[in-house]
Amino acid sequence: MSDIASTLTTIQADAIAAITAATDERSLDDARVAFLGKSGTLTKASSVMKDLPKEEKPKVGQLLNQARQAITAELDAKREALIAEADAKSVADLDLTLPGRTLPTGAIHPLTLMQDRVTKIFRQLGFALATGPEVETEWHCFDALNTPADHPARNESDTFYFDSGKLLRTHTSSVQIRTMEETAAPPVRIIAPGSAFRRDEIDATHLSVFNQIEGLYVAENVTLSDLKGTLEFFFKSLYGESTEVRFRPHFFPFTEPSFEIDVKLTAAGKDAKWIEIAGCGMVDPAVFDEVSKARGNEAFGSDKVTGFAFGMGLERLTMIEYGIADIRHLIENDQRFLNQFA
Ligand code: DAH
């Protein structure tokens, strides 16, 4: 009896020493297993119970329980102390007076900035936004725009064709046709910003996927002076009042007469030389005739309405505005470039 009592005292003292010495959860658990585990010291000591005379069992049982409870309580206390210690350590180096970390915020891409500005200017003049599909029929992209089958732009080496015969639109001019097909009657006054696709070699001034802004105004008695006034107002609003605008005769299949527009930017810091910036012209009657055939009515009949159209490259407008020398900057997502617009 006294034997077992002193054995238990020793076990308890050893256990408490081991628990006290534990430095982390792992060594604490090792101590628990060593004393309370299946073949732990205390568990083994308990095995004497079965050989004890009956009258001694309650007393020894009580001693065993006390030892187990004392060790368990010590384990629990130590575990809590270790957790508290770890918590304290994890915030020990925390300086609450440090400024917060700033998260990088996104910003609007220069192309989007420019498109928004262009849209806003044309809104002032009553132009609505229009869209059309990027996967187009040959008819909408070429035939209806008076572009003959042998026109070089229709060549497989210039245009992305699908097996179905459809294509990726080479210009946004197809939206002119879509809009006239879908509008009940003139007037039509729209701009259509959107992507265009060409099988071009990519270099400092060419991408195979780029963006254009198309414009169309159709009504009775739209004249060339409307076209000039509108586009002069637009370029002066965009690049500054002192911007000069020049219309140079050109050829496009879907307009007659046709012009290329050059601008000369004289605002501070901009190069004062003529730069080609857009194509435009009076809608060719042949376009109205094709549209009328498709509609099956004469709402857009070439003897009833006239109109002007224009198209320009969004990347080019943007490069001129910001002095960007290489078009590829606009698609490479280099933050050093983009941050300048944030
Ligand atoms: N579609 C022409 C191009 O991609 C640009 C253009 C020229 C559009 C004259 C027009 C226009 O609407 O009238 O080169």
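The share of Cα pairs per 5 Å bin across the stretch 149-263, counted from zero up to the longest distance, runs 2, 9, 14, 19, 21, 17, 11, 5, 1, 0 percent. Here the Karplus curve 6.51 cos²θ - 1.76 cosθ + 1.60, taken at θ = phi - 60°, turns the phi angles of the stretch 295-311 into couplings of 6, x, 8, 9, 4, 10, x, 5, 8, 9, 10, 10, x, 10, 9, 8, x Hz, with x standing for Gly and Pro. To the nearest 10 degrees, how steeply does helix 110-124 sit against the main Cα axis of the chain, on a 0 to 90 scale? Its long axis makes an angle of about 50 degrees. Between amide H atoms placed 1.01 Å from N, distances below 5 Å from Ser258 occur with His250, Phe252, all of them 5 or more places distant or on a separate chain.
Starting from the coordinates of the alpha-carbon atoms of the chain, obtain the Kirkwood hydrodynamic radius over all distinct pairs and give the value in Å to one decimal.
Numbers: mean 1/r = 0.0373 Å⁻¹.
The Cα-based Kirkwood calculation yields 26.8 Å.
The phi-based Karplus calculation (6.51 cos²θ - 1.76 cosθ + 1.60; θ = phi - 60°) puts the 3J(HN,Hα) values of the stretch 88-105 at 4, 5, 5, 9, 4, 8, 7, 9, 6, 8, 5, x, x, 7, 8, 7, x, 9 Hz, whole numbers, x for Gly and Pro.
In a DSSP loop and with at most 14 other Cβ atoms within 10 Å, the GluC sites (Glu not before Pro) in the stretch 119-194 are Glu156.
Read-outs: derived from the displayed coordinates by stated rules, not from any lab. Note that the structure is a prediction, hence the values are computed from the model and not measured. As a convention, Cβ positions derive from the backbone with ideal geometry for all residues, glycine included, and neighbour counts pool all protein chains shown.
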